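The block underneath contains the structure these notes are about, expressed in structure tokens.
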Amino acid sequence: PEPTRAPDGGPTTPRPDGAPQGPADPVINEVGVNDAMGDDLDFVEIFGDASTDYSDFTIIVIESDVGAQQGNLEEVAAITSTDASGIFAFDFVAELENSSLTVLLVEDYVDTAIDTDLDTDDDGTFDVTPWGRIVDAVGISDGDADVFYTGSLGPTLVRDTAGADQEGGFALITDGADNDMEADWAAFPENGIGVVSGDANRTIGLPNTIVP
């Protein structure tokens, strides 16, 4: 039998047979959204236990701009196993939504057609939930009218879309250290070019680093 799980999803009691507890829940570790360059640099990275099978978990992306597509399922990425550093990264061949979006990390996802409306009455709460539970979430805003589906599991991060150095994404300042607050994250500019002190480096598939 599985161990009892705490509210954050982590196991809290050992298995009755004395076998090792299950792996820690993964978290969203880095998100890259290509604003304008058109060169497919969009990705989501997760962090968990090293060399661990996380195939019960799935990355999904939800439209968060207010409008006709609000709450629509836009992208789905299956997770396999983390590497020896605890990292799994999925590089989307098609670009992610360049406006506002919510990235969810869910467990026990049930295959659902792309463009399915998961918020049928557009009130900011899911009406269709094709998963067992939401494990982690982060919202990324372009500064327009938005509705995010992060609940208590993640912050909303705002990209600077005013100039050429548009922020292209965000990374946890310390791999896996996610307290569901904006202060856990650092931004990096579009394509990781032109970082300044305090920015994250764009490090898809590698441990996160911050520019000194």
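The values are calculated or read from the model by the stated rules, or taken from the named source; none is laboratory data. Quantities reported herein were computed from a predicted structural model and do not represent experimental measurements. All Cβ positions, even for glycine, are placed from backbone atoms using ideal geometry, and neighbour counts span all protein chains on display. To get the accessible areas, we keep the full protein, side chains included, count just its heavy atoms, and leave off ligands, DNA and RNA. Shrake-Rupley method; radii C 1.70, N 1.55, O 1.52, S 1.80 Å.
Figures for the structure shown
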quantity	calculated
Integer Hz, Karplus 6.51/-1.76/1.60 couplings in order for the range 82-88, x for Gly and Pro	6, 8, 5, 9, x, 10, 10
Solvent exposure of the range 39-98 as accessible area per residue, Å², 1.4 Å probe	38
Projected label distance in nm at residue 123 and residue 49, using a 7 Å step from Cα toward the beta-carbon	4.0
